[in-house]
Amino acid sequence: MSENIGDRFDRLPETDADREVEGRVSREGVVEYFEDRFGIPPETFEDYTFWEKGAGKIWLYRGEAPSPIEVEAIGMTCLRTRQEHWKPTTDFAQRFGSEATRCVIDLEPDAARRFVAGEDGEIAWDGDWGYLIAAHDLVGRREPIGVGLYVHGELRSMVPKGRQRDL
Amino acid sequence: MEAPLDPLERYRPIVDDFEAFLAACRRPLPRAVRVNTIKATVERAAAVLEREGVEFERRGWNPQLFTLAEEGPGPGSTLASFHGLTYGQEEVSTVPPLVLDPEPGERVWDACAAPGGKATQLAALMDDSGTIIANDDNLGRLSALRFNAERLGATALAVTNQDARNYSLNPFGFDEFDRALVDVPCSCEGTIRKNPDTLEGWSMDHVHSVSGIQRDVLRRAVQATREGGTVVYSTCTFAPEENEAVVNEALAAEDCRLREVDIELEYAPGVTEWEGDEYDPSLERAARIYPHHNNTGGFFVAKLEVGA
């Protein structure tokens, strides 16, 4: 096994058995995570490749690129791995969260506003703890807002500082 | 106090209704948002803005563009913007990507892409497919480009940090683009309505020094585009030295020709002579969009076909 090189993009191996870099997740593992945790159908990612740059930072990309590639960015960061609980990004939740059927917590208007501002809130939820996709009803449709961490009756907003808004 | 517009006096001979032009340059610019069709249809974005109580007007020539009422929240302070359904982008700055007119699945280069309004517009026009390579040589501005691309959900877009004048495609494993957008750094005279102090540092020396860079980036873009492909050159300035003269040099040095710019906005044709210099007659196919034409900022756009 070789070591992860942090300053370039490496395409994820197809399966864990194809792994050549210590600790690197596989495409299959990532797609399964999105399906198992959030019910996002695997075919959602048919046209996409997954990449690692930096330790555990997973990127999803729909364009052309050979592996490895040294550029500033390809597509978007979608997931943080190499830690006990994997954590999807806000931008991923907004872009693909409408495909989710599980671990989506629907917020009332006030709670949604606080979540967008980056505030934590006490809220009832009888599903799994951990990272959830927070959503709200927006003109007749469930619109994902971002990712929250649910523990002990509290939903912690994971919306990054630069994305938070007081609306 | 009114900002001095002295540097614009030199354009009196080429601008129709020069007094109306000056008057428009003194008026503040209407704020506008572009609907990010990667994340929402035009109708959904409109419905979300309406629900928020944000007043806006549609602009017929570009259905994806709304101008915002003077009072009310700014383009970046709405729920629609937080969700990435809209992006604050000046009306006239949506012109170059529409003129480039990329198709889904193509390979497209945005040579000077930060902060990413036009690059993400290209991605949206391509249904977020193909490959959009958004480059900028300014590392400081790249973070804004990356931030905006991710916020708008542009997943077929890659970001590079190279000097566009000798851009290398080596990292990507293909050797030419189908289309390229060359929206170069310029003296920005056309942004006077948005930045009233934009002319304060104006000098003829700056115009001349920046035009050399513009020419080199445009030439590189033509070289990197396949035969039959399209290159769009644009600036937000009025100076012919940075516009027609730059395109004229590319026409002389590279295998390319001018095509008509097809947009439903009022504009003036490119000039073919300026201060004793003559340009290729086909430069009248370029478009000069003046502030008083459509109540926008100023822009120059030229469309080139490569080879054949």
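The values are calculated or read from the model by the stated rules, or taken from the named source; none is laboratory data. Note that the coordinates shown come from a computational prediction; the quantities given were computed from them, not determined experimentally. Reconstructed Cβ throughout: ideal geometry from the backbone, glycine too, with neighbour counts over all protein chains shown. To get the accessible areas, we keep the full protein, side chains included, count just its heavy atoms, and leave off ligands, DNA and RNA. Shrake-Rupley method; radii C 1.70, N 1.55, O 1.52, S 1.80 Å.
When only the Cβ of Lys, Arg, Asp and Glu is charged (+1, +1, -1, -1), the dipole of chain A relative to its Cα centre reaches about 500 debye. Principal axis extents of the Cα atoms in region B:76-189, from largest to smallest and rounded to whole angstrom, are 41, 33, 25.
The C-alpha atoms of the protein assembly as shown occupy a region whose extents along the principal axes are 76, 52, 34 Å, arranged from largest to smallest.
Accessible surface calculations at 1.4 Å, restricted to protein heavy atoms, place chain B at 38 Å² per residue.
With +1 on the Cβ of every Lys and Arg and -1 on the Cβ of every Asp and Glu, and nothing else charged, how large is the dipole of the protein assembly as shown about its Cα centre, in debye rounded to the nearest 20? Display every interim value, and only then the final one.
Details: 51 positive and 86 negative charges, 184 e Å.
Value, rounded to 20: 880 debye.
Rounded to the nearest 500, the helix-only mean residue ellipticity at 222 nm of the protein assembly as shown stands at -7000 deg cm²/dmol, with each DSSP H run of n ≥ 4 adding -39,500 (n - 2.57). Put a plus charge on the Cβ of each Lys and Arg, a minus charge on the Cβ of each Asp and Glu, and nothing anywhere else: the dipole of chain B about its Cα centre is then about 1040 debye. Once each part is reduced to its C-alpha centroid, what is the distance from region A:19-52 to region B:13-51 in angstrom? Distance between centres, Cα-based: 41 Å.
To the nearest 0.05, how large is the calculated FRET efficiency for B:L169 and B:N138 if R₀ is 25 Å and r is the Cβ-Cβ distance? It would help to have the intermediate numbers written out before the result.
Numbers: r = 20 Å, r/R0 = 0.81.
Calculated transfer efficiency: 0.80.
What is the distance in Å between the Cα centres of region B:209-268 and region B:178-198? Result: 14 Å between the Cα centres. Label positions at A:D16 and A:E46, each projected 7 Å from the Cα along the C-beta direction, are separated by 2.7 nm.
What's the extension gain from B:N195 to B:R257 if we count 0.36 nm per residue and subtract their Cα-Cα distance?
On the way: separation 62, 0.36 × 62 = 22.32 nm, distance 3.40 nm.
Length gained between B:N195 and B:R257: 18.9 nm.
Taking label points 7 Å from Cα along the Cα-to-Cβ direction, B:E176 and A:V151 give a separation of 5.7 nm. Within the straight-line cut-off of under 30 Å between alpha carbons, the lysines reachable from B:K303 are B:K39, B:K118, B:K194, sequence neighbours fewer than 8 places apart in one chain being disregarded.
Rg/Rh for chain B: what does it come to with C-alpha atoms and Rh from Kirkwood? Intermediate values should be presented prior to the final figure.
On the way: Rg = 18.7 Å, Rh = 19.6 Å.
Here the Rg-to-Rh quotient is 0.95.
Taking region A:36-70 and a reference point 7 angstrom along Cα→Cβ of A:I5, the backbone N atoms nearer than 15 Å belong to A:52-55, A:66-70.
Could you work out the mean count of beta carbons from other protein chains within 10 Å of each residue's beta carbon in B:74-82?
Working: counts 0, 0, 1, 3, 2, 9, 1, 2, 9.
Mean inter-chain Cβ contacts per residue within 10 Å come to 3.
In region A:87-126, the residues whose accessible area drops by at least 10 square angstrom when the other protein chains are added to the isolated chain are A:D91, A:Q94, A:R95, A:V116; the probe is 1.4 Å and only protein heavy atoms count. Rounded to the nearest 10 square angstrom, B:D175 shows an accessible area of 120 square angstrom against a 1.4 Å probe. Cα-based values for region A:59-126, radius of gyration first and Dmax second, are 15.8, 46 Å.
Taking only the Cα atoms of region B:30-89, the ratio Rg/Rh comes out at 0.90, with Rh defined as the Kirkwood radius. Nonpolar atom fraction for region A:37-142, defined as the carbon and sulfur part of the 1.4 Å probe accessible area, stands at 41 percent.
When A:E70, B:E106 are compared by accessible area at a 1.4 angstrom probe, the order from most to least is A:E70, B:E106.
Counting heavy atoms of the protein chains only and a 1.4 Å probe, report the per residue accessible area for region A:98-163 as a whole number of Å².
Details: 3390 Å² over 66 residues.
Spelled out: the 1.4 Å probe surface of region A:98-163, per residue, equals 51 Å².
In this assembly, the A-B interface accounts for approximately 3000 Å² of buried accessible surface in total, computed with a 1.4 Å probe and without ligands, DNA or RNA. Among beta bridges from DSSP that stay inside region A:98-163, the antiparallel ones total about 80%.
With a cap of 15 neighbouring Cβ atoms within 10 Å, and only residues DSSP puts in a loop, list the chymotrypsin sites (Phe, Trp or Tyr not before Pro) found in region A:66-167. Those that pass, being in a loop and sparsely packed, are A:W125, A:W129. When each of the peptides A:45-51, B:272-278, B:232-238 is scored by how many other beta carbons lie within 10 Å of its residues on average, the order from highest to lowest is B:232-238, A:45-51, B:272-278.
Ordering B:V210, A:G148, A:I58 by the projection of their Cα atoms onto the charge dipole of the protein assembly as shown, which places +1 on the Cβ of Lys and Arg and -1 on the Cβ of Asp and Glu, puts A:G148 at the extreme positive end. Projection of the Cα convex hull of chain A, averaged over all directions and equal to a quarter of that hull's surface, yields 10.4 nm². If I take every Cα pair under 8 Å that is 6 or more residues apart in chain A, average their sequence separation and divide by the length, what percent do I get for the relative contact order? Normalised by residue count, the contact order of chain A is 17 percent. Building the convex hull from the alpha-carbon atoms of region A:10-88 and averaging its projection over directions returns 5.1 nm².
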